[in-house]
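Everything on this sheet refers to the single structure shown next.
What follows is calculated from the coordinates using simple rules that are stated; it is not laboratory data. Here the structure is a predicted model, which means the values were calculated and not measured. Here the Cβ positions follow ideal geometry from the backbone for every residue, glycine too, while neighbour counts run over all protein chains shown.
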Amino acid sequence: MILLQSPSRFLLQILKDRIVSGDKGVDIDCHTVEFDDVRYHVQFSMRNPKVMVLSVALPLAPPEAILYDGLPLGAIDAIKAAYGAVVQILDPPKDCFDLTMKINLTKLPTDEEQRNVVLTQIASVREVVLGAPLKLLLRHLASKTVAPNVDKLVALVHRPNESFFLAPQADKVTVVYPMRFQDSIDIVLATSFLQEFVEARRTAALNNAPSCMWSPVPPLELKGVNADALDANAGFVTFVVFPRHVEGRKLDKTVWSLLTFHAYVSYHVKCSEGFMHTRMRRRVESLIQALDRAKSDAEKLKKLVHGGSFRRLSMKHEGNSNH
Amino acid sequence: MANTLRLYLTCIRNTLEAAMCLQNFPCQEVERHNKPEVELKTSPELLLNPVLICRNEAEKCLVETSINSIRISLKVKQADELENILAKKFLRFLSMRAEAFQVLRRKPVQGYDISFLITNYHCEDMHKHKLIDFIVQFMEVSKGLVNEQLTARVSLDMFVVSEMFILRASM
Amino acid sequence: MDPSERPAVVFDNGTGYSKLGFAGNSEPSFTIPTVVAVNESFLDQSEQCSSANWLAQYNAGVMADLDFFIGDEALSHFKSSGLYSLRSPIRHGQVNDWDTMERFWQQSIFNYLRCNPEEHYFLLTDSPVSTPESRECMGEIMFETFNVPGLYISVQSVLSLSAGFAYLKSLSEEDSEDSVSDMTGVVVDIGDGAPHIVPVVNGYVIGSSIKSFPLSGSDVTQFVMQLLQERGELLPPDDALDIARRVKETYCYTPSDIVKEFKKHDSKPSKYIKQWSAIKPKTGVPYTVDIGYERFLGPEIFFHPEMYSPDFSTPLPELIDSCVQSAPIDTRRALYKNIVLSGGTTMFKDFHKRLQNNIKKIVDERVAETNARHRVEVKPVEVNVVTHPIQSYAVWFGGSVAASSHEFFECCHTKEDYEEHGASICRTSTVFKGMY
């Protein structure tokens, strides 16, 4: 998996299982946590086996990101537009959650393909809710206008207590991410990763893509922003999005990509650490083999006869345990 | 660059060949004990002068010999942050597997990145020149691994991954 | 938010299936087979030709390192495309391929659970007979690659015991049995990998009394498949194992006496013989398979292992009995009273009844002998095999319960400890040390 997927696998699985299981219902009450502190709480009760109560908690918003009623701008409208009659928003939301919805599974379309589309949409509730303000701004970009009553610089929450910034204009939107990582190795790996990003963009074949820049200091667009929000140990990444990137079906994809950019970088940093381990293990194997060759033949014979040899920490340990 | 590396390694090899003349020597202080004297450093008559081979200010190799053991400590230098971190990771990885390597010391000597401890028992088990080959090969491998394999591979991986991201936005 | 305020992630990686989820839930979020399908065409190339290798991958638009699948997706990709090969990182309950295990964990965390490993404490489970080195490796991967803030590697048997205890407690509020209140019992863990019989006293595992049984769930599947094929049933060769497994899960049961079962089957075939119908994947032709004696002969191998394997002839009840007899004498009564089953293979209908009867017979015989020889009246020993509906994921459930308590976060090995002392902190497990 290279790109992060929008629908939550867990929600999709629960929804599909419930459709398949027919009318017999079991009480379900479980919670799950996703990256960046998005929490879901799923409830099914025996009395209404076809109604799912889904509560969503969003990441804690930093002071510069403004929420309306605890939700990002335009979230309620986006939910109504995306789900229609299938979903009913409950007010007030459950304790410790920001949004509670009642999903009526009997109102789903009967055609299987259409139904799967709606289920996938429901599982992508994160994109719908958190991405609502972003979608609003980018839709205006597609129509080459500026949204009314929008400040020069908009801060949107994407991680707990962290936001990214948008500077919307009529012909383009500039997106700036201050990149922060906790672990020192992650910081170094992420910095080199982001520099590769810029290199990749320079390749001729990708002229259609949004332009991308990296700088260790806050770029000009962020003038006047609170210093706390500008503390970034892996530099600042700037994307410039043009109308051609958000027309038609590309809008959703761009929204999700921009929303989860930091998570994407962090995921790949961890993947590369994993692969480094693989390569290191392989190299250690070959070194140990080299050492083995250094053993004299007499010693090897002695070991063979007595059958004793201590354990080696090797990659492929066949038949290690004799049960 | 490669030239100085060759010279450096040849110098180390020659030093090791001269220094690696180990014999069994039971401990003088405690009866029935047999300890690597280079670690204890209690009796000066059992120790030889330590030899320090420097390639440049940051890269050096310390060879300390005694009658029954020899300790080799290496300090490696890397070009930039990324290589530095990868080298540290690799060395920590190796230290954890010191048991499998037998001649590796779990903790490097103060001021160095990695240390080997070779005792007379190892010399009895293994051919001396093969052991020296192993040490020199180890040094080449670590340098090569960090420089070419890990760093280059990591950069390439990230390049491809970035492309994918940007491609998705443009399609 | 502090990681200790978020629910911990509980991973129970078994030989056959892995159960993943968050602490505090009553069942795992995902139960997937522990397999990884890897794209072999670009992998394993020697590093000499790395740049040519890279160009080839780049042109093919694929990134071999990230082109792999786990779980059910792995199985389906393996069947549908020849590019992938299946690897099982865990054999006989122990990890022997760390690269594959690391990949498995990577996908479970980022693709399935979709959580950020830096924000959660982790609870991993481990076989009671695994080596300290494997725990060290586990710790290394978790701390170095995933940067988890804290890790606890617990022994599967103790978790099964606490699962049983928690479940029974939730059912009976009035009952305050002493036998259930302390963590003493024999855990019979039979899954797909190496089944173990582990005595646990007051929360500590008695390592020297652990017995292992060589036949597991996969052997039952093999046996069922063999019987079906010997009888001449037509099974498509690719799916034979899969069909046998599903037959085992749906139709098998444990008889109380095989001779009687044979008679029952022969006298009323229509009641006992079941049909299995499916469609051949390659040709699309439907077929049916009759399932008769396999229904009860499958689970019977636990009580008569010589039917399946000529090397081993100790039936399971005898093994459990010898395990308890090898435990300290003052714990034996408590152990007999609390024999806990866990693992998917113990879910056969009436398995626990048969086991209880057989063990009770052995124990009663011994008591009678003692009475006769020493002319005393020893109090009869109570044998109790505990069963509950969450047996198949009892270990995961126990982990979820354990990770929800406050003490859990204090017992974990933290990242700071790891940085300070290295991976050796993960070697020890408190249950073996005798400190609680």
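Taking the Cβ of A:Asp252 as the center, what net charge do the other residues with Cβ under 10 Å away carry, scoring Lys and Arg +1 and Asp and Glu -1?
Around A:Asp252, the charge tally is +3.
Can you check what the net charge comes to around A:Gln182, using other residues whose Cβ is under 11 Å from the Cβ of A:Gln182 (Lys, Arg +1; Asp, Glu -1)? Don't skip to the end; give the middle numbers.
On the way: positive: A:Arg180, C:Lys415; negative: A:Asp183, A:Asp186, C:Glu118, C:Glu119.
Neighbourhood net charge equals -2.
DSSP bridge analysis restricted to the range A:132-259 gives an antiparallel fraction near 100%, rounded to the nearest 5. Computed on the Cα atoms alone, the convex hull of the protein assembly as shown gives a volume of 224 cubic angstrom per residue.
An oblate overall shape is assigned to the range C:185-302, the ratio a/c of its alpha-carbon gyration tensor axes (a ≥ b ≥ c) being 1.5 or greater and a/b not exceeding b/c. When the charge dipole of chain A is built from unit charges on Cβ atoms (+1 for Lys and Arg, -1 for Asp and Glu) and taken about the Cα centre, the candidate among A:Gly131, A:Pro168, A:Val20 whose Cα reaches farthest toward its positive end is A:Val20. In this label model, B:Cys27 and C:Asn357 are separated by 6.5 nm, measuring between points 7 Å along each Cα→Cβ vector. When only alpha carbons of chain C are considered, Rg and Dmax amount to 23.8, 86 Å. Model label points for C:Glu230 and B:Leu48, set 7 angstrom from Cα along the Cα-to-Cβ axis, are 7.1 nm apart.
Assuming a ≥ b ≥ c are the square roots of the Cα gyration tensor eigenvalues, decide whether the range A:45-138 counts as rounded (a/c under 1.5), prolate (otherwise, with a/b larger than b/c) or oblate. Walk me through the numbers before you get to the answer.
Working: a/c = 2.64, a/b = 1.47, b/c = 1.80.
Cα axes put the range A:45-138 in the oblate bin.
Using a Gaussian network model of chain C in which every pair of alpha carbons under 10 angstrom is joined by a spring, one finds that among C:Asp350, C:Asp67, C:Asp12 the greatest mean-square fluctuation is at C:Asp67.
What 222 nm value per residue comes from the helices of the protein assembly as shown, counting each DSSP H run with n ≥ 4 as -39,500 (n - 2.57) and dividing by all residues, nearest 500 deg cm²/dmol?
One gets -12500 deg cm²/dmol as the mean residue ellipticity at 222 nm.
The alpha-carbon of C:Lys271 sits under 23 angstrom from the alpha-carbons of these lysines, leaving out residues fewer than 8 places away in its chain: C:Lys248, C:Lys260, C:Lys263, C:Lys349, C:Lys353. Take the Cβ atoms of C:Lys260 and C:Lys349, set R0 to 25 Å, and the FRET efficiency comes out at 0.95.
If the limit is 19 Å between Cα atoms, which of C:Lys169/C:Lys379; A:Lys16/A:Lys107; C:Lys79/C:Lys280; A:Lys172/A:Lys253 go over it? Intermediate values should be presented prior to the final figure.
Working: C:Lys169/C:Lys379 27 Å; A:Lys16/A:Lys107 14 Å; C:Lys79/C:Lys280 14 Å; A:Lys172/A:Lys253 17 Å.
In this structure, C:Lys169/C:Lys379 lie more than 19 Å apart at Cα.
Peptide packing: for A:78-85, C:376-383, A:30-37, the average count of neighbouring Cβ atoms within 10 Å per residue gives the ranking A:30-37, A:78-85, C:376-383, highest mean first. Listed by chain and number, the aspartates and glutamates whose C-alpha is less than 12 Å from the C-alpha of B:Lys60, apart from same-chain residues fewer than 8 away, are B:Asp113.
Taking the charge dipole of chain C about its Cα centre, with +1 at Lys and Arg Cβ atoms and -1 at Asp and Glu Cβ atoms, the residue from C:Leu235, C:Ser424, C:Pro214 reaching farthest to the positive side is C:Leu235. Across q = 0.14, 0.15, 0.22 Å⁻¹, the range A:132-259 modelled as identical point scatterers on its alpha-carbon atoms has Debye log10 I(q)/I(0) values of -0.63, -0.73, -1.42, in the order of the q list.
Antiparallel beta bridges, as assigned by DSSP with both residues in the protein assembly as shown, represent about 85 percent of the total such bridges.
Any lysines with Cα under 20 Å of the A:Lys270 Cα? List them, leaving off those in the same chain fewer than 8 positions away. By straight Cα distance, A:Lys270 reaches B:Lys88, B:Lys89, C:Lys415. Return the tail of the calculated pair distribution for chain A, meaning the percent of Cα-Cα pairs more than 30 Å apart. Value for chain A: 49 percent of Cα pairs lie more than 30 Å apart. Remark: chain C carries a charge dipole of roughly 1960 debye about the Cα centre, counting +1 on each Lys and Arg Cβ and -1 on each Asp and Glu Cβ. Between B:Leu7 and B:His129, the C-beta separation translates, for a Förster distance of 22 Å, into a calculated FRET efficiency of about 0.65.
Label sites at A:Asp29 and A:Asp228, each approximated as a point 7 angstrom past Cα along Cα to Cβ, lie 3.6 nm apart. In a reduced charge model with +1 at each Lys and Arg Cβ and -1 at each Asp and Glu Cβ, chain A shows a dipole moment near 1180 debye about its Cα centre. Computed from backbone phi with θ = phi - 60° and the Karplus coefficients 6.51, -1.76 and 1.60, the 3J(HN,Hα) list for the range C:84-90 is 9, 10, 8, 10, 10, x, 10 Hz; x is used for glycine and proline. Taking 0.36 nm per residue of separation and subtracting the Cα-Cα distance, full extension of the segment from C:Lys169 to C:Glu40 would add 41.5 nm. Ellipsoid semi-axes for the range B:2-168, based on the Cα gyration tensor and the rule √(5λ), read 37, 17, 14 Å when sorted largest first.
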